[in-house]
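Scroll down for the structure; my scribbles are underneath it.
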Amino acid sequence: MTPEETLGRALRDIVGGGNVLDDPEVTARYRRDWTGRFHGPPTPVVRPSSTEQVAATITYCRDREVGIVPQGGNTGLVGGSVPLAGEVVLSLDRLAGVESVTAHAGVLTAAAGTTIGDVQRAAREHGWDYGVDLASRDTATVGGTIATNACGTRAVRYGDTRHQVVGVEVVTGEGVTLSNLGGTLRDNTGYHLPSIVTGSEGTLGVVTRARLRLAASYSLRTTALLRFGSVGDAALAAESIRGLLPTVESVELFLADGLELVCAAFDLAPPFTETTGAYVLIEAADLRDPTVELSEVVGSLPGVVDVAVAEDDAARRRLWRYREEHTAAISTVGIPHKLDVAVPPGSLAELVERAPLLVSSIAPRARTWLFGHGGESALHINITGVDPDDDTVDDAVLRLVGELHGTISAEHGIGRAKARWIELAHGPAELQLLGRIKAAFDPSGIMNPGVLLPRTGWSADG
Ligand code: 2HG
Ligand code: ZN
């Protein structure tokens, strides 16, 4: 038997015959990321349906030093969930479902493969909501959003995924199952496993279940789209809203060229007759109608030239499409290079102004698309018209972000796309320590090799 056949047979013994996929056509979607920028050769996809099967798969692979790429909804944008070097894909799609809801106190336990949409629906059935929302809600999963510490469009109010996770069950790269799904909303007993695992991008182990804190449900919401004459005014307004409007839930920024692209790609009418300038989408939610409060704040913001207010759900959805369809619209132009940075408040306008100029000075035919979570000075910089393997523009933009004292990832994580620049995020001493944390969880280095920490960036000997 070839080593591949031996591996396939062993994995089948663990998860059952039909749950190891190896037909290259069937596995294609597990081996390619959403953007199409990252794809790997044929490799088995294992679909366990229990924590025990996850542990047995990891233990088998650990003993033979077979790499594993854990995969949730495969909606990541930094190449962190696709096998590039023949690693086994460990898909959590069969380990799904909301397991329990403590309705009066707003806590929910779900298996890792449950979609965020299903978590939101279960929360709403019990009078609650979930603090994380993102455009890929019906594909992105609990495990994937924990591994990447997904932020989404409500983080300005509820924080990122890390703020919602009160317990995890995780199988480490050593094959050991750790669980603290006990149920408390607070836990201050030292090193906090959920916090360590959240954002670890599958490099420490596989999250199998999680206990999530739900958010209060504010059923009355108002959404406004503001057009500003200048990026400076729009950025300053976006950064100020949180202090002016306590009921704010989202503060999103985008620009005229992105809006035009979205309108053309989806055949949408533009929101205003004039389209130049910069846009801020604000959503407030409360138990009482927040429209008056929101209008007063909008009226106090300098530089607003047009305002559209959505008072019903259909109108709300129309305004959101201008923002949420950016990702899909950009993909119609070509395979984008995606950066998700943040700068300290006060520097957002400078970044918005300098990034496109910098990109065109290096790649005159490239297009730079800017949009993001303005309330937290977080910006998605998408660049089209550049070869997928040429990262000269990425390098220049990330160094500009460094010069502005920003962070090279404010949402999507490091993945494979940004592992090369990890030194811009962590100094040498910090990187060594991160390497030791990885080695403690995953001494054989089988978990998501090459993601987050470069393959050479850590060692089991520290
Ligand atoms: C968003 O904010 C997502 O819409 C995707 O984080 C961003 O496509 C992107 O770069
Ligand atoms: Zn985003």
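Note on region 285-392: Kirkwood hydrodynamic radius from all Cα pairs is 16.4 Å, rounded to one decimal.
Sorted on the mean count of surrounding Cβ atoms within 10 Å across their residues, most packed first, peptides 114-126, 432-444 read 114-126, 432-444. Between Asp22 and Arg186, the simple spin-label model (points 7 angstrom out along Cα→Cβ) gives 5.3 nm.
In region 3-91 the Cα-Cα distances spread across 10 Å bins starting at 0 as 19, 54, 25, 2 percent of all pairs. Calculated on the alpha-carbon coordinates, the convex hull of region 347-455 measures out at 110 cubic angstrom per residue.
Backbone amide hydrogens, once placed in the peptide plane, bring Ser100 within less than 5 Å of Thr109, excluding anything fewer than 5 places away on its chain. With an a/c value of 1.5 or above and a/b not larger than b/c for the gyration tensor axes a ≥ b ≥ c computed over the alpha-carbon atoms, region 53-107 is described as oblate.
In terms of packing, defined here as the mean over residues of other Cβ atoms within 10 angstrom, the peptides 348-357, 419-428, 65-74 line up highest first as 65-74, 348-357, 419-428.
For region 220-327, with equal point scatterers placed on the C-alpha atoms only and solvent neglected, what are the log10 I(q)/I(0) values from the Debye formula at q = 0.15 1/Å, to two decimals? Once normalised to I(0) and log-transformed, intensities are -0.57.
Taken over the chain, the alpha-carbon convex hull comes to 146 cubic angstrom per residue. The packing ranking, built from the mean of other Cβ atoms within 10 Å per residue, places the peptides 386-392, 150-156 in the order 150-156, 386-392, highest first. Kirkwood hydrodynamic radius (Cα pairs, Å) of region 128-203? The Cα-based Kirkwood calculation yields 13.2 Å. Other residues lying with their Cβ under 11 Å from the Cβ of Leu245 contribute a combined charge of -3, Lys and Arg counting +1, Asp and Glu -1.
We did not get these values from a lab; they are worked out from the coordinates using the rules stated. This structure is a prediction, so every number in the text was calculated from the model and none was measured. Neighbour counts run over all protein chains shown; Cβ positions are idealised from the backbone, glycine included.
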